[in-house]
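Chemist: After the structure tokens below, expect a handful of questions from me.
A short reminder: the numbers here are calculations on the coordinates, not readings from a lab. Fair warning: this is a prediction, and the values are worked out from it, not measured in the lab. Counting neighbours? That spans all protein chains shown, and the Cβs are built from the backbone with ideal geometry, glycine included.
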């Protein structure tokens, strides 16, 4: 089974592939490939939905139609309680900056810390949320809703808090807000976790593991190993 991951972000691709590689079944039967790997030149869709689930479904349907392939899309982001859930679905473009990923990430992180400048550590609770959608390409004459085939949805959450005003970003792993996302039980930021450790507990790891199990059941009627 070939599945196109609707992303050109190499970090996301690596994290999702690592989860599927954890199990001997169904990994050999599933080929995961990225948009760049198949030469997809479709313009990115406008992610205008108010929820992670809505944007994940939108992207899955869009790229399934554009590529004619089974597509796995995700929408993920950071939800900060003191900011009323922001940056939320706007996490990737929070600062409104375009350019290389390191430039965008730096701008987003700076804005987040500015917004929380007067918020004490105990009120900086936050979570990463990831919703994944798996969607078949549309089939002429097939019954589906007005927006296209209904996707399969899985999700995961990763609880922590944003570092305090007297703390510095830490860690060289991960991307995005990871250096700011502190895990009290571990005494580390998400960016200080090894890739394997992060995959075991992260929002994307949880959502991908659930999706892997759904696919395994479709292929073989059994659960995958954890």
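Chemist: What is the angle, in °, between the Cα long axis of helix 10-21 and the longest principal axis of the Cα atoms in the chain? Nearest 10 is fine, range 0 to 90.
Modeler: Approximately 60 degrees, to the nearest ten.
Chemist: If you line up the long axis of helix 101-115 against the longest principal axis of the chain, both from Cα atoms, how many degrees apart are they, to the nearest 10?
Modeler: On a 0 to 90 degree scale, this one is about 50.
Chemist: Nearest 0.05, what FRET efficiency do residue 197 and residue 11 give at R0 = 25 Å with Cβ-Cβ as r?
Modeler: Rounded to the nearest 0.05, the efficiency is 0.95.
Chemist: Given only helices, namely DSSP H runs of n ≥ 4 each adding -39500 (n - 2.57), what is the per-residue ellipticity at 222 nm of the chain, to the nearest 500 deg cm²/dmol?
Modeler: Counting only the DSSP helices, I get -9500 deg cm²/dmol.
Chemist: Taking only Cα atoms, what is the 0 to 90° angle, nearest 10, from helix 203-220's long axis to the longest principal axis of the chain?
Modeler: Relative to the chain, helix 203-220 is tipped by roughly 10 degrees.
Chemist: Give the label of the value calculated from the structure for Kirkwood radius over Cα pairs in Å, choosing from (i) 20.3; (ii) 18.3; (iii) 19.2.
Modeler: Only one listed value fits the structure, namely (ii).
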